[in-house]
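What follows draws every value from the coordinates through simple rules; no lab data is involved. None of the values given here were measured: they were computed from a predicted structure. No Cβ is skipped: glycine too gets one built from the backbone with ideal geometry, and neighbour counts run over all protein chains shown.
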Protein chains: 2
Amino acid sequence: MNKRQKSSIERKLIFDEKAVKAFAIHLKKLRKEYKCTQDQLEFESGLSLSQIARIETAKINPTLSTLIAIAKALEIKPSELFNFELPDK
Amino acid sequence: MNKRQKSSIERKLIFDEKAVKAFAIHLKKLRKEYKCTQDQLEFESGLSLSQIARIETAKINPTLSTLIAIAKALEIKPSELFNFELPDK
DNA sequence: ATTAATTATGGCACTTGTGCTATAATTAGA
DNA sequence: TCTAATTATAGCACAAGTGCCATAATTAAT
């Protein structure tokens, strides 16, 4: 099999790894402050534990719904999920 | 062709339509307050206009990176994107 | 040092977010 | 009313988020 052919058109994808990383660290800190395990968060949020782990290790770029589910589970305002310093670029 | 077969296992998907809708309304309001067109926002954020339109019409559930790109483009703090009332459930 | 609890990884299937392009629909300006 | 500007929709291709399952790795308790 040939290598998968790259599209001739360069698609610009936006994935701010640094911001995702900063968010990951913040979330993990928040969760611990609330004495919550990933397992509990799974239960409270309805998200899967593997997903939560992947978010906290910055493997993925979660969606709005996911963020809101987490905030609800932690009983905090969604805006609190963003109380962290964004890397400059 | 047969209809696509449903997986035997019921996958629970989380997509909080009401929250996404509330966010959409809030974003559109914010953008207008900043006298910003979708076209300008496309330029400033690097996101595609079609994507912005889909977000503002609550067609999609944007990702964290997308939200941050929008906040940066509007020169606001990401938490401001969440200054809206979440529907109760 | 063992064991239990917690967190992280990996793979698969499926869904969906995104870019790109084009076009339609709506709104604003003349 | 025309016209231009703005916003919304649609379809395609591809990337990536998520659930579920299993297992490995790490950390905490005893």
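Find the residue count for region A:33-89, including only residues that are among the charged types (D, E, K, R) and within 11 Å of chain B (Cβ to nearest Cβ).
6
Near DNA strand D (Cβ under 8 Å from one of its atoms) and part of a helix (DSSP H, G or I): is that true of residue A:50 in this structure? Before you say what the answer is, go through the steps one by one.
On the way: near DNA strand D (Cβ under 8 Å from one of its atoms): yes; part of a helix (DSSP H, G or I): yes.
Against the criterion (near DNA strand D (Cβ under 8 Å from one of its atoms) and part of a helix (DSSP H, G or I)), residue A:50 qualifies.
Return the residues of region A:26-44 that are within 9 Å of DNA strand C (Cβ to nearest atom) and part of a loop (DSSP other than H, G, I, E, B); say none if nothing qualifies.
A:36, A:37 - these are the residues of region A:26-44 that are within 9 Å of DNA strand C (Cβ to nearest atom) and part of a loop (DSSP other than H, G, I, E, B).
Out of the residues in region B:49-89 that are closer than 23 Å to residue A:23 by Cβ and of a type in the set (S, T, N, Q), which is surrounded by the most Cβ atoms within 10 Å (Cβ to Cβ)?
In this case the residue turns out to be B:66.
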